[in-house]
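Encoded as C-alpha cells, the structure appears first; notes follow it.
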C-alpha cells in the first residue's frame, strides 16, 4: 500500500506482485493470505471474503477461460433457460399460428421459403394465388406471435443472466431463484429499454428535422448537414452503445441503481477495452458463417440447417461473456434481489 499518514483500512486489494490475485492488507502491512483470480473480497478477514469482481478488465484469454468455467458449471441452467424453454415456447406458438392461419398460412410459408432458399426466384411468380388481405393477416399474425414469444421468453433470458453472474461471483444459485428474479425485473427491464428506444428515436427525429431545416435554407446546406451527421453518427453511436451496454444487466442485477447512470459510470475508464472485447465476440461469428457457407455448397443445405443452432450457441456464449465483463467491473449485486 502507498506510504503516508493515512493507511488504507484492512481488507483485500490487488496484489502488487501479482495482478491476477488479491492479497490481504491487515491495516499496516501485507499478509501471506491471497485469493484466486475470481475473488475480490473487501471484508474484515480472509475467512469472510465474498467473491466479487475485480474492478478492472482482465486479459481476453483469462476472460474466455472464466466464461468456459461458468458454462461448465451451469450448463444445465443455460440449456433450460436459453434453449429448451424458448424452443418450447416457439413450438407451441408456431403450432397455434399454423392452426389459426390454416391452409393459407401453409401456402404463404412455402412460397416465402422458396424465395428465401432461392434468391433468383422471380418475385412476380410468387404469392400469385394469395390475396393481399390473406398476406396482411398472416404476416400480422406472425408479428403478434413473435412479440408474444419474445415477451414470454424474456424473463428466462434474464434468469440466465443472473445464473451467469452468480456463477462468476462463486455462488451456487438455484434456477428457481433466478427465474423469480427474472419475473420481478422483467417489467423494469422492458421500461428502461423502452426509454432508451424513445431517446434514440428522439435523437434521430431531431437530426432529421435539422437536415430538413438545412434543405429548406438551401440544398448545399442540407447536403452538408446530412454528410456531417452521417459521419458523426457512426462513432457517436459506437461510443454510446459501449457506454450503455450494461443497462440491461444493471436493471436485473443491481435494481437499486439508475441503470443508465450505472452503466455510464461503470464504463468510464474501460471504453476501449470493452470495445475491443465486443469486436472479438463479433469476429467469432465469421468462422461460423464461413463453415456454414462451405457446407451449403458441399452438402446442399446442411450449412443453413447448422447455422441457426450455431448462432444460438454463440449468442449464449456472448451473453455470458458480457455478464463476465460486467462482473469484472462491478462486483456482486447489491440490494434486494
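Can you go through 93, 81 and tell me which one is at pLDDT 85 or above, surrounded by 13 or more Cβ atoms within 10 Å (Cβ to Cβ), closer than 20 Å to residue 159 by Cα and within 26 Å of the chain's Cα centre (by Cα)?
Checking each option against the conditions leaves just 81.
Considering only the range 185-201, state which residues are over 15 Å from residue 240 (Cα atoms) and either without any contact (Cβ under 8 Å) to a residue 12 or more places away in the chain or in contact with a helix residue (DSSP H, G or I) (Cβ under 6 Å, 6 or more places away or on another chain) (or both).
Within the range 185-201, 185, 186, 187, 188, 189, 191, 192, 194 qualify.
Collect the residues in the range 164-209 that are under 20 Å from residue 233 (Cβ atoms) and either touching a strand residue (DSSP E or B) at 6+ places or on another chain (Cβ under 9 Å) or surrounded by 14 or more Cβ atoms within 10 Å (Cβ to Cβ) (or both), keeping them in residue-number order.
If the condition is that a residue be under 20 Å from residue 233 (Cβ atoms) and either touching a strand residue (DSSP E or B) at 6+ places or on another chain (Cβ under 9 Å) or surrounded by 14 or more Cβ atoms within 10 Å (Cβ to Cβ) (or both), then 196, 203, 207 are the ones that fit.
Could you tell me whether any residue of the range 44-53 is assigned to a loop (DSSP other than H, G, I, E, B), at pLDDT 55 or above and not assigned by TED's automatic domain parsing to the domain that holds residue 168?
No.
Tally time: how many residues in the range 241-269 are free of Cβ contacts under 8 Å to residues at least 24 places away in the same chain, within 17 Å of residue 200 (Cβ to Cβ) and surrounded by 19 or more Cβ atoms within 10 Å (Cβ to Cβ)?
Qualifying residue count, the range 241-269: 1.
Look at residue 251 and say whether it is touching a helix residue (DSSP H, G or I) at 6+ places or on another chain (Cβ under 6 Å), under 26 Å from residue 162 (Cα atoms), part of a helix (DSSP H, G or I) and modelled with pLDDT under 95.
Yes; evaluated as a whole, the condition is true for this residue.
Out of (1) within 26 Å of residue 279 (Cβ to Cβ); (2) surrounded by 13 or more Cβ atoms within 10 Å (Cβ to Cβ), what's the single condition that is false for residue 224?
(1)
The values are calculated or read from the model by the stated rules, or taken from the named source; none is laboratory data. Treat the numbers as computed from the prediction; the structure is a model and nothing was measured. Neighbour counts are summed over all protein chains in view; Cβ atoms, including those assigned to glycine, are modelled from backbone coordinates with ideal geometry.
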